[in-house]
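Note sheet for the following structure.
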Amino acid sequence: MFELLQQKITEVVSISDEDFEFCKTLFQPKKLRKKRFILGEGDVCKYTIFLEKGLLRSFKVDEKGAEHVLQFSLEGWWCADLYSFFTGVPSNYNIEALEDCELLLITKPSWDILLERVPALERYFRILIQNNLIVTQRRLMGSFSETAEEKYNNLIQAFPDILQRVPQHMIASYIGISRETLSRIRGQMAIRKE
């Protein structure tokens with residue numbers, strides 16, 4: 001179950017077999033069925049999650065009951081409410097399985113031990129967090145300056161199989177447009193391809 005984790009780590013940093021074996025002892029494997037939650041709004045995020053298999057979404061429900069998707073997490077990705085995880089403050093959003101998932105969970109105390117004992121993983125997570133900050137900034141700027149069609153095109157270019165795995169209303173929520181606008185964009189794109 002740890003093959004993908006090892007692959008993703010070694011794509012970024014070198015890690016000895018001994019250090020990786022130690023790393024494995026700090027994670028808890030978990031299976032999560034489709035439509036189940038690993039984190040609920042108002043709960044403290046107790047784990048950082050590595051997704052071995054499946055698909056997660058992080059989202060918030062506003063006071064009107066509308067869902068706002070923050071992130072989709074695919075195989076090989078990390079997922080958590082890091083603010084809640086690091087501070088112990090209750091989370092502002094939910095994390096739900098959109099497919100049956102196989103997860104590797106690590107608690108905050110185990111995370112601290114891991115980074116102290118395996119310096120290569122401190123570097124690995126620093127690089128991931130830097131990259132995530134860049135992607136988040138670009139997405140935020142895109143939300144201000146890109147058209148709805150550009151947002152949609154950027155999503156499908158970055159994640160070509162997402163359309164087969166995620167319902168359209170969630171994709172619309174993720175890129176910040178209405179379902180109707182998404183349907184119109186898809187229709188216009190289909191006509192242009194003919």
- Query: Too long at a 28 Å Cα-Cα cut-off: which of K60/K151; K35/K64; K8/K64?
  - Reply: K8/K64
- Residue separation between I129 and I162 times 0.36 nm, minus their alpha-carbon distance, gives in nm 9.6 nm
- Task: Can you list which of the trypsin sites (Lys or Arg not before Pro) found in segment 13-72 are DSSP loop residues with at most 12 other C-beta atoms within 10 Å?
- Result: R33, K34, K35, R36, K64
- Query: Of all the accessible heavy-atom surface of the chain, with the other protein chains kept in place and a 1.4 Å probe, what percent is carbon and sulfur?
  - Reply: 52 percent
- Task: Rank L140, L128, L70 by mean-square fluctuation in a GNM of the chain with C-alpha springs under 10 angstrom and give only the top-ranked residue.
- Result: L140
- Full-stretch length increase - E41, L140 - with 0.36 nm per residue and alpha-carbon distance subtracted: 33.4 nm
- For segment 1-158, what relative contact order do you get, as a whole percent, if you take Cα pairs closer than 8 Å and at least 6 residues apart? 29 percent
- Message: I need the phi-derived Karplus couplings for segment 46-56: 6.51 cos²θ - 1.76 cosθ + 1.60, θ = phi - 60°, integer Hz, Gly and Pro marked x.
- Response: 8, 9, 9, 10, 9, 8, 7, 8, x, 8, 10
- Message: Through the Karplus equation 6.51 cos²θ - 1.76 cosθ + 1.60, θ set to phi - 60°, convert the phi angles of segment 76-88 into ³J(HN,Hα) values in whole Hz; use x for Gly and Pro.
- Response: x, 9, 9, 8, 5, 8, 4, 4, 5, 4, 7, 9, x
- Task: May I ask you to give the solvent-accessible area per residue for segment 1-135, in square angstrom, as obtained with a 1.4 angstrom probe?
- Result: 54 Å²
- What is the calculated FRET efficiency for T147 to L74, with r their C-beta to C-beta distance and R₀ = 22 Å, to the nearest 0.05? 0.30
- Query: Once the Cβ-Cβ distance between D112 and D62 is put in as r, and R0 is 41 Å, what FRET efficiency do you end up with, to the nearest 0.05?
  - Reply: 0.75
- Ratio of the Cα radius of gyration of the chain to 2.2 N^0.38 Å, where N counts its residues: 1.11
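The values are calculated or read from the model by the stated rules, or taken from the named source; none is laboratory data. Fair warning: this is a prediction, and the values are worked out from it, not measured in the lab. All Cβ positions, glycine included, derive from the backbone under ideal geometry; neighbour counts span all protein chains shown. The accessibility values were calculated without ligands, DNA or RNA, using every heavy atom of the protein model including side chains. Shrake-Rupley method; radii C 1.70, N 1.55, O 1.52, S 1.80 Å.
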